[in-house]
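To keep things clear, I will list the structure first and then write my remarks on it.
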Amino acid sequence: MDIYLLEAIINGILLGGVLALLALGLNLVFGVIDVVWICYAELVMCGMYAIYWLHVFYGWPILLACLVAIVGVAALGLLLHLVIISPILGSAPINQLLATGGMLFFLQSLATLLFGTDFRNIGLRLPIIELGDIFISFSRLLAFGAALLGAVLLYLFLAKTYLGIAIRAIAQDREIMGLMGVDQRRIYLITSAIGGGLAGLAACLLVLQYDVHPFIGLSFGPITFMICVLGGLGNMIGGFVAAFIMSQIIAIGGFFFSIEISYVLAFIFFIVLMFIRPQGILAR
Amino acid sequence: MSGIAARAAPLVVAAAVLACVPLVTRDYFLHIAIQILLWGFIYTSWSLMGKFGLVSLGHGAFLGIGAYVPALLWNYQEVTPWLGIPLSIVLAALLAVVIGYPCFRLRVIGHYFALVTLALSQVVLLIIVAGRDITGGSLGMTPKTVGHSWYALQFPDKTYFYAIALAVWVIGIVVWHWVDRGMGRAALEAIAEDEGAAAALGIDVMREKLRITVTSAVLTAFGGALLAQYLLYLNPDTLSGIAVSLQIVFAAIAGGMYSALGPTVGGLFTIALPEILRIWFGTNFVGAANTIYGALLVVFIVFMPRGIVGLVERRLPRQPVATANPAE
């Protein structure tokens with residue numbers, strides 16, 4: 001096989017890890033609260049800016065900056081739910097999507113206002129692994145590993161702990177769980193915080209590979225929603241599979257055509273699959 | 001009959017006042033007014049769907065087709081916009097059917113419909129960027145200018161475009177009223193409430209939805225074409241893709257998508273606000289206008305989903321306006 005094609009495929013798998021990580025938090029919120037956070041990628045951007053300023057400007061150690069970013073974005077997710085989502089939880093789902101869309105504009109322009117449109121890099125270069133003739137970026141490998149770890153931890157949390165089971169139960173039947181003595185409000189708040197925290201985690205790994213700028217959300221946002229929907233609402237494993245399918249389409253399409261055409265193919269694939277399997281690729 | 005007269009009277013007065021604007025104002029204000037009218041027309045076109053719960057995030061696609069097809073034909077084949085614009089409108093209508101038919105057949109609704117149409121608008125954006133050899137990609141393109149020409153539909157004197165924009169805007173409002181008063185409205189409201197029940201009543205759900213979608217797409221493409229003809233500069237980021245799709249949705253909602261003049265007020269708001277803030281703050285605060293705008297949007301959607309005009313209407317004593325509340 002062509003060595004460059006092989007490299008494209010391997011990079012596609014690693015990109016899949018990044019996308020899967022991005023989709024994780026959104027999928028949780030989507031599945032449990034049934035709300036699309038259109039501004040999810042902008043929350044990731046906030047995390048990336050936090051790490052940039054803490055690490056580069058104030059000279060904090062990178063790990064501490066990352067930790068603060070995760071906690072900070074988790075708080076942001078909590079705030080988003082409290083201030084915007086919960087007052088309109090009863091209205092049509094599309095209103096919630098649009099309200100977070102307003103948040104997207106707000107965060108994007110606030111970042112432009114505060115930091116300008118410069119591309120900022122934390123200036124941390126991780127080594128590139130050479131495997132025979134194939135080059136693999138270590139930061140992508142790290143993101144891939146973190147995505148796997150994050151998914152496993154989230155799975156264990158949802159499967160084994162009382163809180164996790166309550167979260168899954170709420171996602172299955174909102175009304176009955178209230179009668180069973182589960183506090184829906186509290187579960188939603190916890191879910192939003194975890195969703196935000198996962199966005200913060202994604203920020204930590206993205207900041208290693210990409211420059212942060214106010215419009216970075218637009219390049220990751222759409223593909224992330226599509227992965228969540230493709231995988232099936234709230235279906236973690238489906239989301240994982242969808243992330244890898246999409247990333248392969250992007251990587252191989254980019255190899256044969258151009259990067260824009262590869263995204264066009266991915267979006268068309270999404271549209272067609274919505275018609276064939278609206279419940280997600282792994283739906284029974 | 002007096003009801004119709006009473007409804008039409010404010011519109012006629014508004015049109016008459018607006019028609020006099022070029023007599024008294026400078027080019028700068030005329031430029032702003034043309035943009036408000038054209039965008040107001042596009043927002044009105046979107047609200048035709050939006051008010052029936054068909055929230056499309058794909059109008060950037062129709063706008064992009066409307067803008068780019070005539071400009072490309074003009075630049076490379078010397079085809080007059082008089083042919084290019086109808087062609088782009090037909091293409092937009094076709095695209096609306098291609099995406100709308102399966103969506104409505106397979107009952108893709110709510111935020112799934114929003115996400116499918118969002119993907120559509122990204123597809124058009126990326127195709128424009130990918131075809132950078134002929135479209136200029138992200139750098140944008142300029143149609144060849146020939147000075148004052150009816151054949152090329154280019155008028156350096158802004159008064160001409162002001163008249164065109166005003167006429168087109170009036171057409172948009174008329175279509176809005178036509179939909180509002182037609183049988184289709186009752187059918188579409190029923191569909192928005194409960195699709196299954198509407199179908200059981202004998203409403204042809206597919207035909208009604210497709211008709212309003214194609215109408216909306218056609219008008220949006222027309223608006224895009226005129227915007228490109230006026231500005232004589234096309235950029236994929238301002239005429240297609242997710243950003244402009246969201247801009248359309250938000251302006252229509254902020255103004256009030258359940259009222260005839262709502263989307264236009266949204267246009268006034270979204271175009272005048274950045275200008276005013278730019279004059280106040282200067283160019284130091286590039287993001288200031290949008291930051292305030294974004295915050296206001298959230299406030300609008302959370303606290304006053306009927307928009308500015310909706311809020312004003314509620315204060316005025318008049319017969320209750322029937323509502324299309326897409327309650328789930």
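Here is how the numbers come out for the structure above:
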quantity	calculated
Residue ID - surrounded by the fewest Cβ atoms within 10 Å (Cβ to Cβ), chosen from residues in region B:110-164 that are among the small types (Gly, Ala, Ser) and not in a helix (DSSP H, G or I)	B:GLY147
Region B:129-155, residues that are away from chain A (no Cβ under 11 Å), farther than 13 Å from B:ASN235 by Cβ and among the aliphatic types (A, V, I, L, M)	B:ILE134, B:VAL146, B:ALA152, B:LEU153
Selection within region A:107-142 - without any contact (Cβ under 8 Å) to a residue 24 or more places away in the chain, hydrophobic (A, V, I, L, M, F, W, C) and farther than 19 Å from A:ALA202 by Cα	A:LEU110, A:LEU113, A:LEU114, A:ILE128, A:ILE129, A:LEU131
Those residues of region A:82-123 which are more than 7 Å from chain B (Cβ to nearest Cβ) and among the β-branched types (Val, Ile, Thr), in sequence order	A:VAL83, A:ILE85, A:THR100, A:THR117, A:ILE122
Condition broken by B:GLY66, with the remaining ones in (1) touching a Pro at 6+ places or on another chain (Cβ under 8 Å); (2) in a helix (DSSP H, G or I) satisfied	(1)
Residue in region B:62-85 that is free of Cβ contacts under 8 Å to residues at least 40 places away in the same chain and within 12 Å of another protein chain (Cβ to nearest Cβ) present	no
Condition met for A:TRP60 (over 21 Å from the mean Cα position of the chain (by Cα) and either within 21 Å of B:ALA243 (Cα to Cα) or not basic (Lys, Arg) (or both))	yes
Selection status of A:SER247, at the interface with chain B (Cβ under 8 Å from one of its Cβ atoms) and not basic (Lys, Arg)	no
Odd one out for A:LEU126, checked against (1) within 21 Å of A:ILE216 (Cβ to Cβ); (2) of a type outside the set (Lys, Arg); (3) surrounded by 18 or more Cβ atoms within 10 Å (Cβ to Cβ)	(3)
Unmet criterion (only one of (1) surrounded by fewer than 18 Cβ atoms within 10 Å (Cβ to Cβ); (2) part of a helix (DSSP H, G or I); (3) over 18 Å from the mean Cα position of the chain (by Cα)) for B:HIS177	(3)
Scan of region B:172-185 for residues that are in contact (Cβ under 8 Å) with a residue 60 or more places away in the chain and aliphatic (A, V, I, L, M), ordered by number	B:ILE173, B:VAL175, B:VAL179
Which numbered condition A:GLY181 misses (of (1) loosely packed, with under 14 Cβ neighbours inside 10 Å; (2) touching a residue at least 24 places away in the same chain (Cβ under 8 Å); (3) more than 30 Å from A:LEU15 (Cβ to Cβ))	(2)
Within region A:157-244, helices (runs of 4 or more DSSP H) holding 2 or more residues that are within 14 Å of another protein chain (Cβ to nearest Cβ)	A:216-231
Residues located in region B:247-269, provided they are among the hydroxyl-bearing types (Ser, Thr, Tyr) and within 14 Å of chain A (Cβ to nearest Cβ)	B:TYR258
Per-region count, region B:231-257, residues crowded, with 22+ Cβ neighbours inside 10 Å and either among the hydroxyl-bearing types (Ser, Thr, Tyr) or at pLDDT 95 or above (or both)	2
Which listed residue is out of contact with any Ser or Thr (no Cβ under 7 Å at 6 or more places or on another chain), within 21 Å of A:TYR40 (Cα to Cα), surrounded by 14 or more Cβ atoms within 10 Å (Cβ to Cβ) and at pLDDT 80 or above, from A:ALA147, A:ALA171, A:ALA166	A:ALA147
Filter pass, B:PRO102 being under 20 Å from the mean Cα position of the chain (by Cα), free of Cβ contacts under 8 Å to residues at least 60 places away in the same chain and assigned to a helix (DSSP H, G or I)	no
Region B:113-128 residues that are within 7 Å of another protein chain (Cβ to nearest Cβ), paired with ones that are among the acidic types (Asp, Glu) and in a helix (DSSP H, G or I) (beta carbon under 7 Å, 6 or more apart)	B:LEU126/A:GLU260
Residues within region B:231-278 that are hydrophobic (A, V, I, L, M, F, W, C) and closer than 24 Å to B:THR159 by Cα, tallied	12
Residues satisfying the stated conditions in region A:60-81, i.e. away from chain B (no Cβ under 12 Å), crowded, with 16+ Cβ neighbours inside 10 Å and not β-branched (Val, Ile, Thr)	A:TRP60, A:ALA65, A:CYS66, A:LEU67, A:ALA69, A:GLY72, A:ALA74, A:LEU76, A:GLY77, A:LEU78, A:HIS81
Every pair of residues 6+ apart whose Cβ atoms lie under 8 Å, when the first sits in region B:22-51 and is touching a residue at least 24 places away in the same chain (Cβ under 8 Å) while the second is among the basic types (Lys, Arg)	B:PRO22/B:LYS158; B:ASP27/B:LYS158; B:LEU30/B:LYS158; B:HIS31/B:LYS158; B:ILE34/B:LYS158
Residues within region A:253-284 that are within 20 Å of A:ALA143 (Cβ to Cβ) and at pLDDT 90 or above, tallied	3
Residue match in region B:51-58 (condition: more than 9 Å from every other protein chain (Cβ to nearest Cβ), more than 24 Å from A:LEU230 (Cβ to Cβ) and assigned to a helix (DSSP H, G or I))	no
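The values are calculated or read from the model by the stated rules, or taken from the named source; none is laboratory data. This structure is a prediction, so every number in the text was calculated from the model and none was measured. Note: ideal-geometry Cβ built from the backbone for every residue, glycine included; neighbour counts use all protein chains shown.
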